[in-house]
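Notes follow the structure.
The values are calculated or read from the model by the stated rules, or taken from the named source; none is laboratory data. Because the structure is predicted, anything quoted here is derived from the model rather than measured. Cβ placement follows ideal geometry from the backbone for every residue including glycine, while neighbour counts extend to all protein chains displayed. These area figures cover heavy atoms from the full protein model, side chains too; ligands, DNA and RNA do not enter into them. Shrake-Rupley method; radii C 1.70, N 1.55, O 1.52, S 1.80 Å.
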Amino acid sequence: LCRGEMESEIIKLTETIYESRSLLFVKNIWFNTDIGIFKKEVSPLISDLNTIPIPVIDNEQAAYIENDRFQFKEPYFKNSRYGTMINRGCPYKCTYCSNEFMAKNVYPNTWNHIRYRSVGHVINELNNVKKTLRNIKRINFYDEVFRLPQEMHKEFCSQYKKYIKLPFYCMFYP
């Protein structure tokens, strides 16, 4: 079971499994053994979201499971929508939401602080999407709440209108 943000640990986990080494040195996971469940500590939140590389979109490295079979291709090539996020975290404490669980149980005192990617990082990703995925007609922003700081909002709107020019979907709370 993976817990929390895995970008910092996924490579370690993959290498550990591939090399048949002990999972005891990988954070953010729980795993079952003959003697019980090991609950590894959670690494800190990623403070600079710009350190996370933009997704690689190509058929050479993509795979997914559909109808219980591996498909070795990039599903976005057939899609008309592309999904991404600008921020992580949520300012609200809705009792029905998984963010409340994350804030209380996985990242206490830090989850409700919203972290942002830079506008340049987001625009670079979306420019790459437009060049690579010719069928994309709309961008879906899956942020919990699409709420940018005022100075970032102005820059985002200007850059998005200048370079991306696609309709987009987002959720916000006025």
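A few remarks follow.
- Between the alpha-carbon centres of region 96-168 and region 1-78 there is a gap of 22 Å.
- Calculated over region 2-71: convex hull of Cα atoms, volume per residue (Å³): 141 Å³
- Å² per residue, accessible surface of region 20-158 at 1.4 Å: 65 Å²
- Quotient of C-alpha Rg and 2.2 N^0.38 Å, computed over region 99-174: 1.29
- Along the axis of the charge dipole computed for the chain (Cβ charges of +1 for Lys and Arg, -1 for Asp and Glu, origin at the Cα centre), the listed residues F141, L45, M6 are led at the positive end by F141.
- Largest accessible area first, the listed residues M85, M102 line up as M85, M102 when surface is computed with a 1.4 Å probe on the assembled protein chains.
- Antiparallel content of DSSP bridges confined to the chain, in %, to 5: 60 percent
- In range of the label at C97: residues from region 132-174 whose backbone nitrogen is under 14 Å from the point 7 Å along Cα→Cβ: 142-148, 171-174
- Of all accessible heavy-atom area on region 1-91, the percent that carbon and sulfur account for (1.4 Å): 55 percent
- Given +1 at the Cβ of Lys and Arg, -1 at the Cβ of Asp and Glu and no other charges, the dipole of region 80-174 around its Cα centre is 480 debye to the nearest 20.
- Of the whole protein surface, H153 contributes about 90 Å² of accessible area at a 1.4 Å probe radius.
- Kirkwood hydrodynamic radius computed over the chain comes to 18.6 Å, based on all pairs of distinct alpha carbons.
- Accessible area in the full protein assembly, largest first, 1.4 Å probe, for D58, D68, D48: D68, D48, D58
- For a straight C-alpha distance cut-off of 17 angstrom, the lysines reachable from K12 (same-chain residues fewer than eight places away being disregarded) are K27, K39, K40.
- Calculated SAXS-style log₁₀ I(q)/I(0) at q = 0.23 Å⁻¹ - region 64-139, Debye, Cα scatterers: -0.94
- About its Cα centre, region 87-139 has a charge dipole of approximately 320 debye under the convention of +1 per Lys or Arg Cβ and -1 per Asp or Glu Cβ, with nothing else charged.
- Cβ charges +1 (Lys, Arg) and -1 (Asp, Glu), total dipole of region 1-141, debye: 600 debye
- Surface accessible to a 1.4 Å probe, K131 within the full protein complex, Å²: 140 Å²
- Candidate residues R138, R115, R21, R88: accessible-area rank, largest first, probe 1.4 Å: R21, R138, R88, R115
- Cα lying deepest toward the dipole's positive end in region 89-165, options T95, L126, Q150, charges on Cβ: L126
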